[in-house]
Amino acid sequence: IGCGLGQDSRTVEALECLLEWCRTRKVRMVIDADALNMLAARPELAGSMPPGCVLTPHLGELRRLIGTWNDDQDRIEKVRTFAARYGCCMVVKGAHTMVCSPDGQLYFNATGNPGMAKGGSGDVLTGCIAGLLARGYEPLSAALLGVYVHGAAGDKAAAYYGQEGMNAADLIDFLGEALAEIQ
């Protein structure tokens with residue numbers, strides 16, 4: 001949830017209801033974009049997140065969620081604290097995307113390239129992780145596999161179109177090929 005929602009008061013109420021519904025039914029979810037901003041604006045909602053959800057903030061969204069940090073180590077510790085407190089996986093998007101498990105394990109992704117820093121690329125990642133959760137992958141596995149495959153698809157798109165010429169829709173075209181190569 002999150003991509004393109006907006007932050008109207010009725011949307012915040014809907015998010016609150018959805019979080020509670022998912023929590024009581026143990027439904028896992030991916031939280032991104034506007035839903036992250038709503039969580040940051042209303043921190044009490046974070047306590048309603050279902051265990052095992054995956055949050056996918058870019059650095060701006062992360063700053064709104066956890067506050068500012070002094071350096072990379074401080075940022076990592078704040079991400080670990082947030083993930084442990086709420087029992088979630090954090091996928092901090094950017095160069096060498098970082099995945100943090102609820103128990104504080106960190107993973108850094110080696111796939112991907114600067115051509116992916118375009119609008120919509122994070123939405124593709126969110127969809128990829130959500131699809132893996134829907135197929136029954138555990139949250140950490142879905143996050144790790146989703147991040148890796150997303151980056152590998154980005155590398156394939158860059159090889160085909162060039163980093164400047166590629167866009168988020170191009171990533172989708174290469175997801176299947178990237179996934180097939182690791183299966």
- prompt: For the range 25-119, what's the relative contact order in percent, using C-alpha pairs closer than 8 Å and at least 6 residues apart?
  reply: 23 percent
- request: Please give the per residue volume of the convex hull enclosing the alpha carbon atoms of the range 1-95, rounded to a whole number of Å³.
  value: 85 Å³
task: Give the carbon-plus-sulfur fraction of the accessible surface of the chain in %, rounded to a whole number; probe 1.4 Å, heavy atoms of protein chains only.
output: 52 percent
Loop-resident sites, the range 1-101, for chymotrypsin sites (Phe, Trp or Tyr not before Pro), counting at most 16 other Cβ within 10 Å (DSSP): TRP69
- line: For the range 75-121, the Cα gyration tensor yields equivalent-ellipsoid semi-axes (√(5λ), largest first, whole Å) of 23, 11, 8
query: Normalised by the residues of the range 124-183, what does the relative contact order come to in percent, with Cα pairs under 8 Å and at least six apart?
result: 34 percent
- prompt: What dipole magnitude, in Debye to the nearest 20, does the range 94-183 give about its Cα centre under +1 on Lys/Arg Cβ and -1 on Asp/Glu Cβ?
  reply: 80 debye
- request: Please calculate how many Å² of accessible area the chain carries per residue, with a 1.4 Å probe and no DNA, RNA or ligand atoms counted.
  value: 48 Å²
Relative contact order, percent, the chain [alpha-carbon distance under 8 Å, six or more residues apart]: 17 percent
field: Cα-based Rg / Dmax (Å) for the range 1-159
entry: 14.7, 45
message: So if I place +1 on the C-beta of Lys and Arg and -1 on the C-beta of Asp and Glu, and nothing else carries charge, what would the dipole magnitude of the range 27-75 be about its Cα centre? I want it in debye, nearest 20.
response: 160 debye
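The values are calculated or read from the model by the stated rules, or taken from the named source; none is laboratory data. Quick caveat: nothing in here was measured; it's all calculated off a predicted structure. Quick reminder, even Gly has a Cβ in these numbers, built from the backbone with ideal geometry, and neighbours come from all protein chains shown. What goes into the accessible areas is simple: the full protein's heavy atoms, side chains included, and nothing from ligands, DNA or RNA. Shrake-Rupley method; radii C 1.70, N 1.55, O 1.52, S 1.80 Å.
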